[in-house]
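The values are calculated or read from the model by the stated rules, or taken from the named source; none is laboratory data. Remember, predicted model here, so these are calculated numbers, not experimental data. Here the Cβ positions follow ideal geometry from the backbone for every residue, glycine too, while neighbour counts run over all protein chains shown.
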Amino acid sequence: MVGSEAELVTVEARFDRRDREKTEVVVTGLPDAVIRESRGRLVCALEANGMHLPCGRLFLNLVPAARPKSGGGLDLALVLGAAVAAGHVEATGLERTIFLGEVGIDGALHAVPGGLAAALAAKKQGVDCFVAPRETSAEAAWIPGVRALAAGRLEEVVAHVAGVEGALSAAARPDESADQPPDPSVLDEVRGQALGKLALAAAAAGGHGLLFVGPPGAGKSMLARRLGALCPRLSIDEQLEITRVLSAAGRWPGGLARARPFRAPHHTVSYAGLVGGGAPPSPGEITLAHCGVLFLDELPEFRREVLEALRQPIETGAILLSRAGRQLELPARFQLVAAMNPCPCGYQGHPKIPCRCPPSQVQRYRSRISGPLLDRIDLRVELAAPALDELAPREARPTSLEPRGAELAERVVRARARMHERQGGVRNADLLADALDELAPLDAESRRLFARATGTRVLTARGTQAVRRVARTLADLADDERVDSRHIARALALRSPLV
Ligand SMILES: [Zn+2]
């Protein structure tokens, strides 16, 4: 495995019987400790299955030799290579087949991570048969055109290689009818917070970064957790990508990934934990959030260099890791949602509870967020603690203006279709200044609104653009062709002057 992708390794085997009094096994081609130890497992597993290794020297070489290799996944190929070299198995039976899996000393096969990635790599190289332990092979079964066979024990694989019909069974293809579309009604579990729900819909439709600012108990994380419910059903490509990432991280979901990922790392997360890294490199939270939501609660508490590391993936949808002179790219296209208190104690602006923070401390708290990261967050929404009447059941509230989850989800689908038709793969969140002049031109009333807004608060050029991008999305959500002052006014309401 290299990140979330697999590379195929060929095992070369040769047995030299000359002038030897014992059996020696040599593995070359940059094996790690686990693979070097496989020599013992290999001899035992062969013996246990009646394949004796005579005296001599067994050479096993891993190609390409210059790439480091790790883990127990190569066991099965090594054992079969040894069996061929020692004359127990015909080499022709191994052709055009990927063998993946760990082999126990009794010949039992054990699952390894990366089955889906390995099957994708196999297909790319025109290899169409895939033999692996049951759980690993179940992943490969998802790739069309790959014949995934499941094995429980080494002797079954040996019988299959010898041409015994039915020695291995086809891996079970999980039931696709179990697919569960996102359920937007979970949004209705959150009482009130109409502005917050509109912000979620805008984020889901236009791909905008979103920051909730509000006191404890305002429902910031409750709302954030429901963003995925407003996003469209996962496409098959997205499902495969998510599954490949999870499988490579040893988190195979037991089928094709059904739900958009939601990752909420704690603010003490390390740099490597967030963006990925280590040796061998493993995916970080941003990659585990691929095609889903990355939620950063208590945003000012995250370490600055950790947040700065998010800039590149937010721009490119991928993260480049350098490890041992190699560049490794991992997918990391996620929707960013963050939350913070308005001040260190959390209660500034609260109607009942007084804030006890000195102004200088509030200033320092807010300025802790990295500027460049904040630039990518178009939506900055203030959430108040819910008023008492909002907590009453919906039926008991006389005239509720709250949008229903199902209705918002429909609007998101239509807005995305509109956006796609107008500007192809470019999301509203990625519109540049020139495009905004064309797609979100300002009329006289909108200009007046901006002038009034900048009279009461600082709105930078970047801030103005962010408001126009959001206004474009709000117009799309409302099925309006043109952006007008109503959309600008609402977009300004979705941009808190607090941060
Ligand atoms: Zn305070």
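Filtered by the rule that a residue be on the phi > 0 side of the Ramachandran plot and surrounded by 17 or more Cβ atoms within 10 Å (Cβ to Cβ), the stretch 87-105 gives a lone residue, G101. Number of residues in the stretch 474-499 that are among the polar types (S, T, N, Q) and in a loop (DSSP other than H, G, I, E, B) equals 1.
The residues listed here are V275, V213, V269; of these, the one that is more than 13 Å from the chain's Cα centre (by Cα), β-branched (V, I, T), within 30 Å of E382 (Cβ to Cβ) and surrounded by 21 or more Cβ atoms within 10 Å (Cβ to Cβ) is V213.
Here is a check on your reading of the model: is V412 over 27 Å from the mean Cα position of the chain (by Cα), at pLDDT 95 or above and surrounded by 13 or more Cβ atoms within 10 Å (Cβ to Cβ)? Spelling it out, it is not the case that V412 is over 27 Å from the mean Cα position of the chain (by Cα), at pLDDT 95 or above and surrounded by 13 or more Cβ atoms within 10 Å (Cβ to Cβ).
Only one of the numbered conditions (1) surrounded by fewer than 19 Cβ atoms within 10 Å (Cβ to Cβ); (2) under 16 Å from I319 (Cα atoms) is not met by A249, and that is (1). In the stretch 340-358, the condition of being at positive phi and either more than 16 Å from the ligand (Cβ to nearest atom) or in contact with a helix residue (DSSP H, G or I) (Cβ under 6 Å, 6 or more places away or on another chain) (or both) is met by no residue.
Okay, residues lined up against (1) farther than 26 Å from D32 by Cβ; (2) touching a His at 6+ places or on another chain (Cβ under 8 Å); (3) aromatic (F, W, Y):
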{"position": "V275", "(1), (2), (3)": "no, no, no"}
{"position": "A289", "(1), (2), (3)": "yes, no, no"}
{"position": "F295", "(1), (2), (3)": "yes, no, yes"}
{"position": "E301", "(1), (2), (3)": "yes, yes, no"}
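Looking only at residues that are surrounded by fewer than 17 Cβ atoms within 10 Å (Cβ to Cβ) and more than 23 Å from N428 (Cα to Cα) in the stretch 367-390, which one is farthest from the ligand (Cβ to nearest atom)? By that ranking, first place goes to D389. Which of the residues that make up the stretch 273-305 are out of contact with any Pro (no Cβ under 9 Å at 6 or more places or on another chain) and among the aliphatic types (A, V, I, L, M)? A279, L299 - these are the residues of the stretch 273-305 that are out of contact with any Pro (no Cβ under 9 Å at 6 or more places or on another chain) and among the aliphatic types (A, V, I, L, M).
With a requirement of 2 or more residues that are in contact with a Ser or Thr (Cβ under 8 Å, 6 or more places away or on another chain) and either of a type in the set (S, T, N, Q) or at pLDDT below 95 (or both), the helices (runs of 4 or more DSSP H) lying completely within the stretch 91-185 that satisfy it span 115-124.
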